[in-house]
């Protein structure tokens, strides 16, 4: 059985963390908080510092619009159409959620990486009004592998990767585990793609584009939060996690769009 990455679930958040979670959902236009932020919330003070550091760029839409613009250039070969029976509207909504939020996570991580490696911004801030997109409908939630039937659990575990030294199943696949026929189709469709040169090239190009875009965003930030930054050991954990998400976030964007096109 896979032991999943530590996280502070949304229904467990209180106080300042709950406020941050609410802003994460609102600024991204998706009805959930990504596992990246839920993981950061397990380390005392880290999510608060990270959110306060990049919040001006998120409240202005700068990070989101940059991520969505870069995502439009990501291309991979289409999948075979899904011909099975399922709730297609629900599956499309899951894919749309990840196509929307994954580029935001990629850009946010790229900006945080610069702040955690010594960049100290002193910009003029961000100007103008920005309205987040309308919130997408709720998803069914991340399936608990332990509660799935054996066949579906085995299929889900085919998507296991690693974050912070712990096995990790990206949320796209845990959401789709509620739709076993789609999950099985996707597992077979993606199996040859994970290590394919085309996938690696698209993933690397998207990640590089986000990192190249980040300095122009960070330089506008008005400064760092007043509280203490993460210590060196914690910063290294965060940087390693961001780096891993810089691989999975492009995949969530590419494969989410692949699902939309196949449906």
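The values are calculated or read from the model by the stated rules, or taken from the named source; none is laboratory data. Computed from a predicted structure; not experimentally measured. Counting neighbours? That spans all protein chains shown, and the Cβs are built from the backbone with ideal geometry, glycine included.
Could you identify the single residue in 133, 145, 150, 140 that is in contact (Cβ under 8 Å) with a residue 60 or more places away in the chain and closer than 23 Å to residue 190 by Cβ? Talk me through it step by step, then tell me what you get.
On the way: 133 fails: closer than 23 Å to residue 190 by Cβ; 150 fails: in contact (Cβ under 8 Å) with a residue 60 or more places away in the chain; 140 fails: in contact (Cβ under 8 Å) with a residue 60 or more places away in the chain.
Every option except 145 fails the conditions.
Looking for whichever is surrounded by fewer than 20 Cβ atoms within 10 Å (Cβ to Cβ), touching a helix residue (DSSP H, G or I) at 6+ places or on another chain (Cβ under 6 Å), modelled with pLDDT of 95 or more and part of a helix (DSSP H, G or I) here; the options are 233, 212, 216, 184. Which one fits?
184
For the stretch 125-181, give me each residue that is under 28 Å from residue 84 (Cα atoms), over 22 Å from the mean Cα position of the chain (by Cα) and crowded, with 16+ Cβ neighbours inside 10 Å.
148, 152, 153, 180
Got a sec? Which of 79, 95, 110, 59 is closer than 23 Å to residue 241 by Cβ and touching a helix residue (DSSP H, G or I) at 6+ places or on another chain (Cβ under 9 Å)?
Residue meeting the stated conditions: 110.
Taking the stretch 82-92 as the search range and keeping residues that are touching a helix residue (DSSP H, G or I) at 6+ places or on another chain (Cβ under 8 Å) and assigned to a helix (DSSP H, G or I), which one is surrounded by the fewest Cβ atoms within 10 Å (Cβ to Cβ)?
92
Just one of (1) within 16 Å of residue 135 (Cβ to Cβ); (2) touching a helix residue (DSSP H, G or I) at 6+ places or on another chain (Cβ under 6 Å); (3) surrounded by fewer than 17 Cβ atoms within 10 Å (Cβ to Cβ) trips up residue 26, so point out which.
Looking at each condition in turn, residue 26 falls short on (2).
Just one of 63, 169 is in contact (Cβ under 8 Å) with a residue 24 or more places away in the chain and out of contact with any strand residue (DSSP E or B) (no Cβ under 9 Å at 6 or more places or on another chain); which is it?
Details: 169 fails: out of contact with any strand residue (DSSP E or B) (no Cβ under 9 Å at 6 or more places or on another chain).
Just one listed residue meets the conditions, 63.
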